[in-house]
Each structure stands twice: as structure tokens, then as C-alpha cells.
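The values are calculated or read from the model by the stated rules, or taken from the named source; none is laboratory data. Worth saying up front: this structure is predicted, and the values here are computed from it rather than measured. We place every Cβ from the backbone using ideal geometry, glycine too, and count neighbours over all the protein chains shown.
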Amino acid sequence: MPKAKAAPKPAMPPEDALFQALSLCRKAGRLVMGFDAVEEAALSGKAWLALTAADASPKTASRLRASIGDVVDVLALPLTMERLAPLGRRPMAVCAVTDRNLAKLCYDRLQACGAIKYEEDISE
């Protein structure tokens, strides 16, 4: 009698996959949290990718882009501060990834979420 095959797992939502990538960064010690720490990591050349929460203050996001936008990519996450809270002791609006490969993983997960829009895709 043949064995019954297990049903395939349903695909993970892209936002959950992104959260797992950020969690992996945190567990590896390669996630810097907080505006001042992110700014310092970027200006010292340690950060590969800076991220802002979906509900971060527009002033915070613009200040971050103005201070480190020339040094490192600053991208908006589709995750709220409440959703990111389990990564740290308190809700965070700004974080940075300090490992190249983990930054690539997060970037790929952001693409899967549709959070990254390319300029050539936008037509006038």
C-alpha cells in the first residue's frame, strides 16, 4: 500500500518572510536599532542597508535620508513598529543591517513584498 504524500506547506506571506530575515539579522548580532546607532553605523561604513518602519514619522525618515542617504540605501519596510517590537526591547522605527549577505537577503525579501519600486518602472 503506497504511503500518502503530505500536503505541501502553504507559502509564507512575504511580510512574514521579511520579518524572519530581520530576526535572523538580530540573532546574528548584525541588526543595529535606533536612529543614532544607525546613523553612526552608516557613517562609519558598517551598515549595508538602513530600514524605516511603515509607521515611522515622516520627519524621522527624511532626517535619516538626509544624513545617510548618500552613504547607504534607506528603504521603508512594509512592517509597523508594533510588528518589529519583538526584535528589540521596545518598538523601533529605524534599523540597519551590518552584514552584506544578510542585507542582500533583506533586500530580496523587500522585493518580494513589493516595497521596492524601480525608477525605470515608473512612467510619466
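Entry remark, region 13-37: residues being farther than 13 Å from Asp99 by Cα and not acidic (Asp, Glu) number 11 in total. At pLDDT 95 or above and either acidic (Asp, Glu) or more than 20 Å from Ile116 (Cα to Cα) (or both): is that true of Leu24 in this structure? Spelling it out, Leu24 is indeed at pLDDT 95 or above and either acidic (Asp, Glu) or more than 20 Å from Ile116 (Cα to Cα) (or both).
The residue of region 56-67 that is farthest from the chain's Cα centre (by Cα), among those that are in a helix (DSSP H, G or I) and aliphatic (A, V, I, L, M), is Ala66.
Which condition does Gly45 not pass, out of (1) within 10 Å of the chain's Cα centre (by Cα); (2) loosely packed, with under 15 Cβ neighbours inside 10 Å, if it passes all the others? Single failed check for Gly45: (1).
Condition check for Glu82 on (1) at pLDDT 95 or above; (2) more than 11 Å from the chain's Cα centre (by Cα): one failure, at (1). Restricting region 1-18 to residues that are in a loop (DSSP other than H, G, I, E, B) and closer than 23 Å to Thr80 by Cβ leaves a set whose member that is modelled with the lowest pLDDT is Ala11. Out of region 109-119, which residues are in contact (Cβ under 8 Å) with a residue 24 or more places away in the chain and either surrounded by fewer than 19 Cβ atoms within 10 Å (Cβ to Cβ) or in a loop (DSSP other than H, G, I, E, B) (or both)? Those that are in contact (Cβ under 8 Å) with a residue 24 or more places away in the chain and either surrounded by fewer than 19 Cβ atoms within 10 Å (Cβ to Cβ) or in a loop (DSSP other than H, G, I, E, B) (or both): Ala112, Cys113, Gly114, Ala115, Ile116. Scanning region 68-108 for residues being in a helix (DSSP H, G or I), buried (at least 16 other Cβ atoms within 10 Å of the Cβ) and small (Gly, Ala, Ser) gives a total of 1.
Looking only at region 19-40, residues that are free of Cβ contacts under 8 Å to residues at least 40 places away in the same chain and assigned to a loop (DSSP other than H, G, I, E, B) come to 1 in all.
Which count do you get for residues in region 62-77 that are farther than 16 Å from Val97 by Cα and in contact (Cβ under 8 Å) with a residue 24 or more places away in the chain? Within region 62-77, residues that are farther than 16 Å from Val97 by Cα and in contact (Cβ under 8 Å) with a residue 24 or more places away in the chain number 2.
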